[in-house]
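So the structure is just underneath, and the comments pick up after that.
Every read-out reported here was derived from the displayed coordinates using simple, explicitly stated rules and does not represent laboratory data. This is a predicted model, so every value here is computed, not measured. We place every Cβ from the backbone using ideal geometry, glycine too, and count neighbours over all the protein chains shown.
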Amino acid sequence: MKIIRPMVTVLIAFLAAICLAPTALGFCGFYVAKADTKLYNKASEVIIARNGDRTILTMANDYQGNIKDFAIVVPVPVVLQQEQVRVGDPKIIERLDAFSAPRLVEYFDPDPCGDDDLSGGFGTRGGPPMAASPVMRRRDESALGVTVEARFTVGEYDILILSARESNGLETWLKRNGYRIPQGGSQLLQPYIRQNMKFFVAKVNLSEFAKSGYKFLRPLQIAYESPRFMLPIRLGTINATTEQDLIVYLLSPKGQTEITNYRTVKIPSNTEIPLFVKNQFGDFYKAMFQTAYTREGKNIAFIEYAWDMAGCDPCSAQPLNPEELRQAGVFWLTPGGGTNVFITRLHVRYTSDKFPEDLMFQETANRQFFQGRYILRHPFSGEIQCEEGQRYQRVLAERFEREAQTLAQLTGWNIQEIRQKMPTTALQPQNIPFWRNIWP
């Protein structure tokens, strides 16, 4: 008896086992670390490049296992032909992730006794601003209400485009053709059938994969025209036992892209945190995201980055060049016409109960810049011999305490443990006469 290995949920897909063989001010700083998707064990990623009704969707997967056991079923709004499907370059997703990831930056206080402009304030709270016969197969499909609209191979994938009249028939067809449908699959397929959506089914062509020379499955890209601006995520919850992380890179010539059927808010940002976080930024960001996610009710989408692709400040990676943008699906650029691409990075952590609907998007004309950005501010370490320097020393301890309180609030970490990790000199002003505490 053959054992079917459990599948890993990827992206927006329905996974099944197969039995077959403008310049922003105040954002300057020194970038030192980023919170990219490597922080998450199972983070699906998708790129959506959209202008008007035209869309190119890039679907990445984090599948691990025997590639003969890989398949996806994705609802799509139209029947796709072979020329509308291609295999993408996984490096493009890595580039977008690196460019848009939340980042840690550091500043260094100037000499308080020097002539530097201290208008930014070393005591400010927020830092800088911000195989049946063909005849029998067709007869069987017809009886089940399933139509194979298209069948082709692209790269290492065999592709089917299916339409169906009812979900039980589609479920039966998939099972008879070697796909094991998890319990509850038929119920989740039905809403897409009512909307007259089609089903993009892909499995690995083993001989083509062997010839490709790749060790991992490459992302799939599909191009289509439809007024529907949405991303189906419900099928991805069938096998899920934990919360799912989804990173969506939305590319538009207009501005920020938002989710319309769930709240879209900015991730907490532009805050000063203690210096020791530099060595554990990943732990910090995961804890901060989970705290914000829980505080907001677990049914929200977070903007982690929104910026014009022509620049960045500070840059955690260089902006994508026109050729890389083309590989990411950007189709509206013209030679010599500049880079008119606005990127919105959305981070959604979802479960079937908190996200009962697919994600519906809308483009906006909002081109306001935003980034998940966290600040380390190093105190001046030189000799201080001036009245302004003495004031600086008095407020320094207050600033460190604020940083400790901010970190505790953002992450839920114990405030006493945070203080213990901070230098003792940071907690008490040094060499300051006692009367200065009440007579500034």
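Spin-label point model (7 Å from Cα, Cβ direction): what's the Q280 to R176 distance in nm?
Calculated label separation equals 5.8 nm.
If you wrap region 225-346's Cα atoms in a convex hull and average its projection over all directions, what's the area in nm²?
So the Cα hull casts an average projection of 10.3 nm².
Give me the distance in nm between label points sitting 7 Å out from Cα along the Cα-to-Cβ direction at L333 and E401, one decimal.
5.1 nm
Could you tell me how far the Cα centroid of region 171-243 sits from the Cα centroid of region 344-413, in Å?
38 Å
Between N196 and K354, take the C-beta separation as r, use R0 = 35 Å, and let me know the FRET efficiency to the nearest 0.05.
Taking R0 as 35 Å, the efficiency between N196 and K354 is 0.80.
Determine the gain in length on full extension of the stretch E417-A287; use 0.36 nm per residue of separation and subtract their C-alpha separation, reporting nm with one decimal.
45.3 nm
By a straight-distance test (C-alpha under 17 Å), which aspartates and glutamates pair with K215 as possible cross-link partners, with residues fewer than eight away in the same chain excluded?
Partners found: D62, D69, D89, E94, E156.
Between A365 and E296, what is the spin-label point distance in nm, taking each point 7 Å from the Cα along the Cα→C-beta axis?
2.6 nm
Test of understanding: extend the Cα→C-beta vector of I384 to 7 Å, then name every residue of region 78-114 with backbone N under 20 Å from that spot.
107-114
So which of K198/K298; K91/K254; K68/K278; K175/K211; K254/K354 end up more than 32 Å apart by C-alpha?
From K198/K298; K91/K254; K68/K278; K175/K211; K254/K354, over 32 Å: K68/K278.
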